[in-house]
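Here's the structure we're looking at; comments come further down.
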Amino acid sequence: MRAKTERRRRNGQFKLLDRFSSLRDALNGLGILVVEQHNARIHLVVATCVLALGLLTGLSGLEWILVFAAIALVWMAEAFNSALEYLADAAVPDTHPLIGKAKDVAAAGVLISASFAVMVGLWAFIPG
Ligand SMILES: Nc1ncnc2c1ncn2[C@@H]1O[C@H](COP(=O)(O)OP(=O)(O)OP(=O)(O)O)[C@@H](O)[C@H]1O
């Protein structure tokens with residue numbers, strides 16, 4: 001693992017194969033999120049329902065843009081939150097008040113994005 005990172009750093013030049021490798025890593029991360037994180041699975045179910053409802057009700061262009069933005073924002077927040085949890089658990093296996101704070105603040109990021117998504121959903125799907 002370290003050898004791979006070192007090799008990339010030393011080479012430093014653009015390689016299409018490396019870019020595909022990065023894309024594969026990112027997709028692997030998405031898989032880890034869905035398989036290991038309960039909240040991500042909830043986001044997946046909710047996002048699928050919202051997209052299906054959007055197709056059924058026929059959203060406007062602006063509504064689709066905001067719905068996609070809200071879904072992307074929630075997934076980004078969940079990904080960063082989970083990444084921080086993995087890092088924190090690897091770096092500090094024991095309990096530490098600052099790790100607790102860091103995790104709570106990261107979770108607050110997910111809450112903020114989810115609140116925005118709820119507001120977008122209400123605006124897009126409730127008539128009037
Ligand atoms: N190492 C730690 N030191 C101190 N407090 C911790 C530590 N690990 C977790 N906590 C506290 O427990 C809470 C839950 O942490 P945990 O790692 O179980 O996340 P989680 O329940 O899986 O979160 P999420 O639902 O966002 O995935 C944290 O928000 C934090 O307040």
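Test VAL74 against the criterion of being in contact with an Asp or Glu (Cβ under 8 Å, 6 or more places away or on another chain) and modelled with pLDDT of 95 or more, and give yes or no.
Working: in contact with an Asp or Glu (Cβ under 8 Å, 6 or more places away or on another chain): no; modelled with pLDDT of 95 or more: yes.
Answer is no for this residue.
Identify, please: which residue in the stretch 72-106 is under 8 Å from the mean Cα position of the chain (by Cα) and among the hydrophobic types (A, V, I, L, M, F, W, C) and is, among those, farthest from GLY31 (Cα to Cα)?
Out of the qualifying residues, it is LEU73.
Any residue at all in the stretch 43-58 that's surrounded by 15 or more Cβ atoms within 10 Å (Cβ to Cβ), more than 16 Å from the ligand (Cβ to nearest atom) and without any contact (Cβ under 8 Å) to a residue 24 or more places away in the chain?
Yes, there is a match, as at least one residue in the stretch 43-58 is surrounded by 15 or more Cβ atoms within 10 Å (Cβ to Cβ), more than 16 Å from the ligand (Cβ to nearest atom) and without any contact (Cβ under 8 Å) to a residue 24 or more places away in the chain.
Mind checking which residues of the stretch 98-113 are open to solvent by less than 100 Å² (accessible area, probe 1.4 Å) and within 11 Å of the ligand (Cβ to nearest atom)?
The initial filter retains those residues of the stretch 98-113 that are open to solvent by less than 100 Å² (accessible area, probe 1.4 Å), namely 99-100, 102-103, 106-110, 113.
ILE99, GLY100, ALA102, LYS103, ALA106, ALA107, ALA108, GLY109, VAL110, listed by residue number.
Any idea which of PHE80, PHE14, PHE20 is at pLDDT 95 or above and open to solvent by 90 Å² or more (accessible area, probe 1.4 Å)? If you could, list the steps in order and put the result at the bottom.
Values: PHE14 fails: at pLDDT 95 or above; PHE20 fails: at pLDDT 95 or above.
It is PHE80.
The values are calculated or read from the model by the stated rules, or taken from the named source; none is laboratory data. Not measured: the values here are computed from a predicted model. Cβ: placed from backbone, ideal geometry, glycine included. Neighbour counts: every protein chain shown. Remember, those area values only see protein heavy atoms, side chains included, never the ligands or the DNA or RNA. Shrake-Rupley method; radii C 1.70, N 1.55, O 1.52, S 1.80 Å.
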